[in-house]
Structures are given as structure tokens and as C-alpha cells.
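The structure under discussion appears below in the form of C-alpha cells.
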Amino acid sequence: MNSLFADLGVSVFETMSRLAQERQAINLGQGFPDDSGPLDVRERAAKAVVEGWNQYPPMLGLPALRAAVADHYLRFQGLTLDPEREVMITSGATEALAGALLALIEPGDEVVLFQPMYDAYLPLVRRAGGVAKFVTLKPPHWTIDDDELEAAFSPHTKVVLFNNPLNPAGAVYGASTLARLARACVEHDVIALCDEVWEHVIFDGLSHAPLMAMEGMRERTVKIGSAGKIFSLTGWKVGFVCAAPAILRSLARAHQFITFTTPPNLQEAVAYGLAKDDAYFVAMRAGLQRSRDRFASGLSERGFTVLPSAGTYFLNIDIAPLGRSDDVAFCRDLVERHGVAAIPVSAFYAEAPIRNVARFCFAKRDATLDAALDRLSDVVAQGRA
Ligand code: PMP
Ligand code: GLN
């Protein structure tokens, strides 16, 4: 067996979801909404399954979806993309990440990663032969330190893998951070792999800024998106990759031997969904912001220290004020004794993890959030005892 995978445990999301099920806990761990997603988009997929084409679609994706992705990013982010040469459809952002890392990295190349990082990044980088160099971000603001950023680059750096908005932090990086990152990428001649799956899940009137739009980045950025997050349909696994033609050609070679294609019926429904009126996206965001605020005030009222969240489905608490210094033990107690599953944020670090933050998914119905808050009511008192 390959030692890298043989030595890996089950993902923290799967572990917590299983525990939640065993304990009949309310699952605010793994990030998925209670909501069943927009009916018209699901109906469109159902119709395509029953009446449409169910054989292999083109390897790069349905032309209609590739055009819809280009139109969508022009409408929302001002990007001009050629759908035929600069857009590819993958089976979720995860496949896009895996394919991009396989296609871009030669063994020994260095990859800059920002921790906390999504759990798939490090194993994929290492399996592709990459050597990880970390920049560490800390709560409550998760800002990128200039010196640390500069120190992470070397003449061997090939790729920077940047997640914005950042899961699990809920941080959203704007123009000044993006400009610094862009300068570093240009100066060191590095490709930016941008995981922007949370680009529409952003609050408080903020708007998403793609790194690809920064000076010098158009030809050296791979932008990754996911319909799962845009339509609250996390099981759909329809991802998009956008990159300049020279890069996209290589990514397509990786894609053709990983999944080759993505279900055509889901692609058709996503093409329809991406063209929905602005009102859909505004309402989706407003609904999630309301849930975030409801859950955040419920937690604060119960004595928890809530960290800011400007994007994603996630809200973090600082458990240090509860006298707790081990997030894994805290989350185990939470699910076993209080019946609520959360995710220990140390799971997103490879080196020197912070151990005082726990992540909750608030993309749930009011009744689910309120029931979880009820169960969390006596945690603070017990934590201090
Ligand atoms: N990247 C990040 C940062 C994520 O949070 C997720 C899923 N939550 C993914 C990638 C995976 O996306 P997909 O389900 O489209 O593979
Ligand atoms: N991205 C989801 C989260 O952060 C989990 C996805 C998964 O289970 N792989 O909760």
C-alpha cells in the first residue's frame, strides 16, 4: 500500500458525522445544509435524468455549462473567460484540486499552504510529490503575516494553494491581502491554485474578489468553484475550473484520467442554476446570514466566545475562556455528553495546531439551531466547573 494513505485516518468530517449518528446528536460538524436546495434546479436535474442524455458528456464538460460558468463569472466577478479554452467541468472541487496538483507539480516542487487548511489539501499535495510549506493563520482575524508569507517562498515554489473565503475560519480576504499574494506569486513566478468554492457564501454586504483579477494573475491562476456550495447541494459534486489555455490544457489531461466526465444531467441543471436571477443569490446569502446571526447570538447569550465569520457555512467559538485547551476532547464531550457535533479546528493544521477553536455549521433550519442551542445551554457552566 502507499504509505501516505495507509497512515491516514478517516476524515474528521466523516468521523464526526458517524459519531453524531451513533449518539443521535445534532450534527453541526460536517458542512451541509438542512435545506434541500432550490426546487427548480433539482427538477431540472430530474427532467434531464428522465428525458435527457445519460451517456458520456464531453470530457471538458457540457458546452452549455461551460458557457454558463463564463457568463456567471462575468456577471458576478467581472472576469472575462473563454468558455471553450478556459473553463472545464469536474466532479466537484475536490477532483479539480486533485487534478490540478497532479498536473502542476513535479516531485520536489514546493507548495505554499495556509493553515488552517481544508483536509484534502495536504495529502493531495504530498501524493503528487509536492513539499508543503506552511503559513500559519491565527484567530480571531486569521490575517496573513507578510514576513511569514515571504519566508514560505523559495526558488522551488511551484504553487500557492489559497482558499478564499477560508474554511474553517470563516475569513474573507479582500483587496490588500490579494494584492500582496499576487505580488509574491508574480515575483516568484508561481501559479496560484484558488479554491473559491465559498465565493457566493459571503455576508455583511461583502463581495468576493477573485485572485485571478489581480495584476499579473490572469495567466497564472487556477480558479476553482463548486455548484455544491452555490446551490446548497453538497452531494452533487459538480466543480468548475477556470484557467488560461496553457494551464487548462494540462489540467484537462489530468481530468481525463481521473473521472473523465461528470454526470451530464447534473451539469445541465447547474447550467440552468448559474443563470438564475441575482435575486436567488441575494436571498441565499441573506438566509444564511440570518442563520449565522441567530446561532451567534444564541451562543453569546449562553456565554460562549464567538469568533467573527464573514463567509462560509461556519462559525467558530474560542474554548479557552471555558478553561478548555484541547479542542478534540471538547468536541468529543460535546457530542457524547451534550448531543451536538462540532469540528475541532486543530484538524485543519499540519504543524503547531491551535487547540482552542471549535467549528459549528450554521446552515441549518431555525429549529435545528435552536435545538442545538438548548443542548449547549449548560456547557459553559460545566466548562468552568
Ligand atoms: N474546498 C473547500 C474549502 C471546501 O470547503 C469543500 C467542501 N466543503 C471543498 C473544497 C469540496 O468541494 P466539492 O464538494 O465540490 O468537492
Ligand atoms: N467541506 C465540508 C466541511 O468543511 C466537508 C466535506 C467532506 O466531508 N469532505 O465540513
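Take every DSSP beta bridge whose two residues both sit in the chain; close to 50 percent of them are antiparallel.
If you wrap segment 149-222 in the convex hull of its Cα atoms and look at it from every side, the mean projected area works out to 4.9 nm².
Local charge sum around Ala286 (other residues, Cβ-Cβ under 13 Å, Lys/Arg +1, Asp/Glu -1)? Computed value for this residue: +1.
Relative contact order (percent) for segment 209-257, with alpha-carbon contacts under 8 angstrom and 6 or more residues of separation?
It comes to 30 percent, rounded to a whole number.
Taking a ≥ b ≥ c as the square roots of the eigenvalues of the alpha-carbon gyration tensor, segment 166-291 is classed oblate because a/c is 1.5 or more while a/b is no larger than b/c.
Here the 3J(HN,Hα) profile of segment 106-113, calculated from phi with Karplus coefficients 6.51, -1.76 and 1.60 at θ = phi - 60°, is 9, x, x, 5, 9, 10, 7, 10 Hz, Gly and Pro shown as x. The loop-placed GluC sites (Glu not before Pro) in segment 283-385, going by DSSP, that have at most 11 neighbouring Cβ atoms within 10 Å of their Cβ come out as Glu351.
Here's how it looks for Val160: its modeled amide H is under 5 Å from those of Val112, Ile191, Ala192, Leu193, which are all 5 or more places away or on a different chain. Computed over the chain, relative contact order equals 24 percent, with contacts defined as Cα pairs under 8 Å that lie 6+ residues apart.
With springs only between Cα atoms under 10 Å apart, run a GNM on the chain and tell me which of Ala96, Ala45, Ala352 wobbles the most. With Cα springs under 10 Å in the chain, the top fluctuation among Ala96, Ala45, Ala352 is at Ala352.
Largest to smallest in accessible area, the residues Thr312, Thr136 fall in the order Thr136, Thr312 (1.4 Å probe, all protein chains included). For the peptides 28-39, 4-15, the ranking by mean Cβ contacts within 10 Å, running from highest to lowest, is 28-39, 4-15. Summarising the overall dimensions of segment 1-60 from its C-alpha atoms, the Rg and Dmax are 18.4, 45 angstrom.
Its DSSP H runs of at least 4 residues, each contributing -39,500 (n - 2.57), put the calculated 222 nm mean residue ellipticity of the chain at -12500 deg cm²/dmol, to the nearest 500. Taking max minus min of the alpha-carbon positions on each principal axis, segment 257-377 gives extents of 51, 37, 24 Å, largest first. Here the Karplus relation 6.51 cos²θ - 1.76 cosθ + 1.60, evaluated at θ = phi - 60°, turns the backbone of segment 41-57 into coupling constants of 5, 5, 5, 4, 5, 4, 4, 5, 5, 6, 10, x, 7, 10, 9, 3, x Hz, with x for every Gly and Pro. Working note: Debye formula, equal point scatterers on the alpha-carbon atoms of the chain, no solvent; log10 I(q)/I(0) at q = 0.09, 0.11, 0.13 Å⁻¹ is -0.52, -0.78, -1.10.
Just want the answer: with Cβ charges of +1 for Lys and Arg and -1 for Asp and Glu, which residue in Pro165, Pro245, Thr261 is farthest toward the dipole's positive end in segment 164-264? The listed residue farthest towards the positive side: Thr261.
Whose amide H sits under 5 Å from the amide H of Val340, counting only residues 5 or more places off or on another chain, with H placed in the peptide plane? Placed amide hydrogens put Ile26, Val335 under 5 Å from Val340. Using Cβ point charges alone (K and R +1, D and E -1), the dipole size of segment 205-337 about the Cα centre works out to roughly 280 debye.
The P(r) of segment 85-232 has a tail past 23 Å containing 30 percent of all C-alpha pairs. Taken about its Cα centre, the chain carries a charge dipole of about 520 debye when Lys and Arg each add +1 at the Cβ and Asp and Glu each add -1 at the Cβ.
Among the GluC sites (Glu not before Pro) within segment 198-261, those in coil by DSSP and having at most 14 neighbouring Cβ atoms inside 10 Å are Glu215, Glu219. Relative to the longest principal axis of the Cα atoms of the chain, the long axis of helix 175-187 makes an angle of roughly 50 degrees. Here's the picture: charge each Lys and Arg Cβ at +1 and each Asp and Glu Cβ at -1 in the chain, and of Phe314, Ser154, Val340 the one pushed furthest to the positive end of that dipole is Val340. Its relative contact order, with pairs defined as Cα atoms under 8 Å and 6+ residues apart, puts segment 241-385 at 22 percent.
On a per residue basis, segment 106-181 carries 37 Å² of accessible surface, using protein heavy atoms and a 1.4 Å probe. Pairwise Cα distances in segment 9-105 exceed 16 Å for 75 percent of all pairs. Using only Cα atoms, tell me the angle between helix 366-376 and the longest principal axis of the chain; keep it within 0 to 90° and round to the nearest 10. For helix 366-376, the angle is close to 40 degrees. Extension gain, Arg375 to Glu219, is 51.1 nm, computed as 0.36 nm per intervening residue step minus the present C-alpha separation. Taking the C-alpha atoms only, the angle from helix 12-22 to the longest principal axis of the chain is near 50 degrees.
Under the convention that each Lys and Arg Cβ holds +1 and each Asp and Glu Cβ holds -1, the size of the dipole of segment 82-188 around its Cα centre is about 220 debye. Inter-part distance, segment 14-64 to segment 255-313, computed on C-alpha centroids, equals 13 Å.
The values are calculated or read from the model by the stated rules, or taken from the named source; none is laboratory data. In this text the structure is predicted, and so the values were computed from the model without any measurement. Cβ sites come from the backbone with ideal geometry, for glycine too, and all protein chains shown count toward neighbours. Just so you know, the surface numbers come from the protein's heavy atoms only, side chains and all, with ligands and any DNA or RNA stripped out. Shrake-Rupley method; radii C 1.70, N 1.55, O 1.52, S 1.80 Å.
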